[in-house]
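The values are calculated or read from the model by the stated rules, or taken from the named source; none is laboratory data. Fair warning: this is a prediction, and the values are worked out from it, not measured in the lab. Here Cβ is always computed from backbone atoms with ideal geometry, including for glycine, and neighbour counts include all displayed protein chains. What goes into the accessible areas is simple: the full protein's heavy atoms, side chains included, and nothing from ligands, DNA or RNA. Shrake-Rupley method; radii C 1.70, N 1.55, O 1.52, S 1.80 Å.
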Amino acid sequence: MKKSILFLLVPFLLIACQVEVQKEDEAPLIGKHMLTLSSDIMKPEVLWSFGRLGDVQVSPDGGNILYGVSYYSIEQNRSNRELFVMKSDGSEKKQLTETPQNEFNAIWHPDGERIVYLSSASGEVQAWLMNADGSDKKQISEIEGGISGLVFSPDGSKVLYTKEIQVAKTTQDHHPDLQLTDGRIINDLMYRHWNTWEDGAYSHLFVADFDGSFAEGTDLMPDEPYDSPMKPFGGLEEVAWSPDSKTIAYTCKKMTGRDYTFSTDSDIYLYYLDSNETTNLTEGMPGYDRVPFFSPDGSKIYWHSMERAGYEADKERLFEMDLATAELNYLTPDFDYSPFGETWMDDGENLYFVCAVNSEHNIYKMNVQTMEITPVTQGMHDYHSVAIAGNRLIATRVDMTKPQEIYSVDPATGEATEISFENKHLLDQLTMPEVKKRWVTTVDKQQMLVWTIYPPHFDESKQYPAVMFATGGPQGVLGQFWSYRWNRSLMASFDYVVIAPARRGVSSHGQLWTDQVSKDNSGLAMQDLLAAADDIVAEPYVDADRLGAVGASFGGFSVNWLAGNHEGRFKAFISHCGIFNEELMYYTTEEMFFVHWEKGGAPWEKDNPVAMNSYAGSAHHFVENWDTPIMFMQGEHDYRIPYTQGMAGFNAAQM
């Protein structure tokens, strides 16, 4: 193996060396960055100056829009979130909060006159109430330990909130004489998840009466060692009130230990407030069942369901159940994509949702009786949410060259009008890259979409270096997303031609395309990346001697694998939190269902040809071919791909 120029970047070491930031209430208030730029080219400092808009809530009468914006300070190494309101046509914008406490989870009370939000102003996260104009702010909860989310019943008389509660014993409970120990007692899987260790605390749902404030409520899952919403990414979309305010639907995977880590079998439960009884609606459906919502009249319930047990990237099917008869109806058998963010029209027969199709997220309309689905919007962008405001739709949208803003959409034509303009003052000063589609023929004669991002002021008579962005997953949509970590416009703004291949495994190109990466991680997906690289260097404006590849997670695996199999194509690599040794990954990761499905079995199953073929493609088997500079970036709190993977790759390259 030839000597490589190598770097190991470990973010937690850098953070440990930083000067301690002042306390929130002593540091300067972080707000909107009103910058005058000296260049029309976006740099990292400009990227971090954008306001990050989100959590859009339309008032019950459709006349007002509530939303939050987070602002970041590089100097303080933290963010601050404020709340805003405007009319649904974008007029009369008003900032409602101006504090250092990060107000979030802001929602309308069903009366439409008041807003409830979460804040740590009291020292822990509690609920606060204010009028719709931001006046008369007051704390309305004093829940021990604080809360993490809340949602009102439709009649406004009750509030459902979430909080962490201690269910299992801690090390200190087992050993009262060791109160200062940080040791953990582990006797089963799954002892850590995503970026946290299992500590015996679980997210539970509570319901309480609301009369202008609320006190400790009733636990819907008393003493149960389960999370709802589910960790690590579940939110209040996994919970729903019935229209009559008498029933709560929630999502939960009621398993522990080894069973939990090998399963995706979450279920939809109904909790009846009158009797405090709970019913499992989806028992016997083996995949993920999640995101329940009721019909407007409360007679039916809907949810997303995955068919195959243990496969987290299966198609999300939309199911309907008649609550009187328990009759079940699969609504999307002929729609080969996964809807999300459903919202009802007034008639109760039609709903809107967002869905990714061919790497573009757009708004769709569905008639639940005829099961007819029609697109409302089209184009190179990613819609993130949709809500109804009178005869218009209110939606959030991004693309590769623009951060999230709020749009008013005509449901008849799909025409969208921006109404928030949170970042217009910066975008007007910038020349952003241009994004185009390329279609590349793969080794098996399929057509693969490759996003191509051209640098600002691109001149095709010149030659540019190029970088290939290898997406993670291995499943997931490679869309028009705007990222503050892997921002492809930022890459291109440094005078690179950037390509992002929607290789095998990328979602939204039909479930078959998605499935083709599983149990063959080093197969067609890697050949797709090589085909995209060969295609772009054939362009006269790309310098074939200055081609690099970057990627994170499965993208990091892709980079590690390419380093030993690229046959001189690439001149530099960056691997972020990437898998280096697939066998070690199986032994050290946390969600076993993921790696067991992807590999097709365990490393010791020598008579399992599918699994053995998977492990044979592990990147560490090709280290002897490494001859190209490579940088490894790794975070110590990545428990899906433990940091030892990055250390192993770095050490192997050094040796």
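Things worth noting here:
- Bridges between two residues of the chain, per DSSP, are antiparallel at a rate of about 80%.
- When you count the other C-beta atoms within 10 angstrom of each residue and take the mean per peptide, 213-219, 404-410, 343-349 line up highest first as 404-410, 213-219, 343-349.
- Y587 accessible area, 1.4 Å probe, all protein chains in place, Å² to nearest 10: 130 Å²
- Of the whole protein surface, L351 contributes about 0 Å² of accessible area at a 1.4 Å probe radius.
- Normalised by the number of residues in the range 414-483, the average gap of Cα pairs under 8 Å and 6 or more apart makes the relative contact order 22 percent.
- Take every pair of alpha-carbon atoms less than 8 Å apart whose residues are at least six positions apart; their mean separation over the length of the range 71-205 yields a relative contact order of 14 percent.
- Cα-centre dipole for the range 328-438 with unit charges at Cβ (Lys and Arg positive, Asp and Glu negative), debye to 20: 360 debye
- Think of the chain as having a plus end and a minus end, set by charges on the Cβ of Lys, Arg, Asp and Glu; of G548, N521, A208, G548 sits farthest toward the positive end of this dipole.
- Net charge, K599 excluded, C-beta distance under 11 Å - Lys, Arg +1, Asp, Glu -1: -4
- Whichever aspartates and glutamates have a C-alpha closer than 14 Å to that of K163, once near sequence neighbours (fewer than 8 apart) are set aside: E124, E142, E144, E216, D219, D223, E224, D227
- Estimated 222 nm signal from helices in the chain, with DSSP H stretches of n ≥ 4 weighted -39500 (n - 2.57), rounded to 500: -3500 deg cm²/dmol
- Simple Cβ-charge dipole of the chain, Lys/Arg +1 and Asp/Glu -1, about Cα centre, in debye nearest 20: 2120 debye
- Unsatisfied cross-links (Cα-Cα over 27 Å) in the set K315/K365; K315/K599; K94/K246: K94/K246
- One chain, two ends: M380 and T171. Fully extended at 0.36 nm per residue, the span grows by 70.0 nm beyond their Cα-Cα distance.
- Computed with a 1.4 Å probe over protein heavy atoms only, the accessible area of S38 comes to about 130 Å².
- Heavy-atom accessible area order for R397, R503, R258, largest first, 1.4 Å probe: R258, R397, R503
- Computed on protein heavy atoms with a 1.4 Å probe, the accessible areas place H637, H576 in the order H637, H576, largest first.
- Ranked order, R392, R488 - accessible area, probe 1.4 Å, largest first: R392, R488
- Peptides 506-515, 74-83, 463-472 ordered by packing proxy, namely the average of other Cβ atoms within 10 Å per residue, highest first: 463-472, 506-515, 74-83.
- Taking every protein chain into account, the accessible area of the chain amounts to 43 square angstrom per residue (probe 1.4 Å).
- Normalised by the number of residues in the range 141-292, the average gap of Cα pairs under 8 Å and 6 or more apart makes the relative contact order 19 percent.
- Here the peptides 123-131, 592-600 are ranked by packing, the mean other Cβ count within 10 Å, and the order with the highest first is 592-600, 123-131.
- Summed side-chain charge close to L37 - residues other than L37 whose Cβ falls under 11 Å, Lys, Arg +1, Asp, Glu -1: -2
- FRET efficiency estimate (nearest 0.05) - Cβ-Cβ, N195 to H621, R0 35 angstrom: 0.75
- Accessible carbon and sulfur surface of the range 123-245 relative to its total accessible area, %, 1.4 Å: 48 percent
- Cβ-derived FRET efficiency at R0 60 Å, E75 paired with D607, nearest 0.05: 0.55
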